[in-house]
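Working notes, structure below.
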Amino acid sequence: MRSRMWWGMTSVVLGLLAAGCGDGGSGDTGTDAQRSASFGHPVTVTDCAGARTTVTSAPTRIVTSNASGLELLLRLGAGDKVTGTGFPPGKGTFPAGLDAQAQKVEVLSKTLIPKEKLLGSGADLYIDTFASMGGMGGGMGDAPTEEEFKAAGIKHIYLKSTACSATRKRPVTNLAAVEEDITSLGALTGTSAKARKLVTGMREKVDAVQRAVSSTPQSERPTYFFFDYDAGAKQPTVFCNRQIANAVITLAGARPAFADCDGDYKQVGWEDIVAKDPDWIQLGVRNRGSEAANRRAFDEAESWLKNNAATKGMTAVKKGHFLRIGSEQTTISGVTNADTVHEIARTLYPGKVK
């Protein structure tokens with residue numbers, strides 16, 4: 001089930017890394033060495049356990065484990081440095097401009113990149129969103145060891161906003177880890193100016209929502225359940241308080257139905273969900289590649305809840321309190337998390353959030 005979930009979230013992301021690094025410039029001229037100097041290399045990043053990795057020059061051949069790292073690099077304007085990816089995004093998953101670029105990236109695997117293929121990819125940097133480090137309860141398949149990465153000349157880093165979710169010591173209630181990843185990738189790729197712009201835009205959206213809902217006491221905020229329809233309705237999987245979805249929902253002024261669940265996600269019974277009786281339900285559907293296909297998937301998810309004997313009596317179902325927001329922008333760390341915060345809040349607080 002865990003491998004299914006990783007792919008399911010478009011590659012559920014559980015990943016990675018952050019930085020202690022210098023600020024870089026925004027120019028893009030000169031040799032790689034010159035660019036590295038102007039961008040502030042060497043850059044040092046840390047993994048979930050605090051181990052440090054130093055990248056001495058700007059990477060030119062980046063491989064991403066899945067669509068999450070790929071999207072961040074595209075938004076930073078570093079897409080031309082990406083030479084391959086695993087768990088590729090479906091066509092239409094990203095906004096038009098980014099989608100066209102994403103479809104040009106070589107797909108090294110439709111799921112987890114095989115160990116030998118990854119080591120032989122010619123990459124100089126591998127951005128990993130999977131919690132495959134020692135002490136994290138297992139990884140994704142037969143992952144290379146750090147010694148093997150080193151022998152292949154590949155720097156191995158993690159997207160900490162997702163890779164570290166299962167090992168966090170406390171609930172995630174803000175987007176700080178996502179911002180840290182963006183800042184780190186900006187420093188690594190020499191796009192720090194763009195990274196700052198992306199982070200500033202995210203903060204402005206979230207801060208506006210926070211101001212709008214601040215007058216509503218926590219105890220009076222609506223309860224909210226993310227129905228991961230694509231993960232399987234028969235045996236539901238819920239997101240817990242270490243997953244980025246918990247932060248997105250909380251920042252939007254709602255109370256996540258499973259905020260009392262410590263971890264990233266777990267399987268429960270429908271009786272557990274019915275007992276929560278949430279005020280609102282988000283229909284968790286992954287992008288099908290077209291508006292028509294997405295609409296059909298949302299319709300299926302809603303119909304399932306309305307016709308299932310166990311769920312049709314829930315408050316949100318009876319009132320038709322459904323939100324049709326894509327899974328990826330809610331459960332995968334990225335710039336669109338801030339957009340989802342606003343979209344949820346606008347629905348739950350129509351008189352306060354414009």
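Only the coordinates and a few stated rules stand behind these numbers; no lab work does. Remember, it's a predicted structure, so these values are computed and weren't measured experimentally. Neighbour counts are summed over all protein chains in view; Cβ atoms, including those assigned to glycine, are modelled from backbone coordinates with ideal geometry.
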Original post:
Where a Cα-Cα gap under 21 Å defines reach, which lysines qualify for LYS266, not counting those fewer than 8 residues away within the same chain?
Top reply: LYS160, LYS169, LYS234, LYS276
Original post:
Mind checking which lysines have their C-alpha under 23 Å from LYS91, skipping anything on the same chain fewer than 8 residues away?
Top reply: LYS81, LYS104, LYS110
Subject >> Gyration tensor (alpha-carbon) shape descriptor, region 215-348, a/c threshold 1.5 >> reply: rounded
Subject >> Structure-based [θ]222 nm, the chain - -39500 (n - 2.57) summed over DSSP H runs of at least 4, per residue, nearest 500 >> reply: -11000 deg cm²/dmol
**OP:** Among VAL82, VAL206, rank each residue by its count of other Cβ atoms within 10 Å, from fewest to most, as a rough exposure measure.
**Re:** VAL206, VAL82
**OP:** Could you point to the label whose value was computed as Rg and Dmax of the Cα atoms in Å for the structure here, given (i) 24.1, 76; (ii) 19.1, 57; (iii) 20.1, 65?
**Re:** (iii)
Subject >> Which of THR53, THR237 has the fewest Cβ neighbours within 10 Å, and the rest in rising order >> reply: THR53, THR237
Original post:
Suppose every K and R has +1 on its Cβ and every D and E has -1 on its Cβ; what is the size of the dipole of region 244-354 about the Cα centre, in Debye to the nearest 20?
Top reply: 440 debye
Subject >> Among ALA58, LEU72, THR173 - extreme Cα towards positive end, dipole of the chain, charges at beta-carbon >> reply: THR173
Original post:
Given 0.36 nm per residue, what is the gain on full extension from THR56 to GLN101 after removing their alpha carbon distance, in nm?
Top reply: 13.5 nm
Original post:
For region 98-107, what does the Karplus curve 6.51 cos²θ - 1.76 cosθ + 1.60, with θ = phi - 60°, yield as ³J(HN,Hα) per residue in whole Hz, taken in order and with x for Gly and Pro?
Top reply: 6, 4, 4, 5, 4, 5, 8, 6, 5, 8
**OP:** Can you tell me the FRET efficiency between ASN307 and ASP277 if r is taken as the Cβ-Cβ distance and R0 is 30 Å, rounded to the nearest 0.05?
**Re:** 0.95
**OP:** Please give, to one decimal in nm, the separation of the simple spin-label points placed at SER215 and THR173, each 7 Å out from Cα toward the Cβ.
**Re:** 2.2 nm
**OP:** Take the alpha carbon gyration tensor of region 150-234, find the square roots of its eigenvalues, order them as a ≥ b ≥ c, and report rounded if a/c is under 1.5; if not, report prolate when a/b exceeds b/c, else oblate.
**Re:** oblate
Original post:
When the chain is modelled as a GNM with alpha-carbon springs shorter than 10 Å, which of PRO114, PRO236, PRO95 fluctuates the most?
Top reply: PRO95
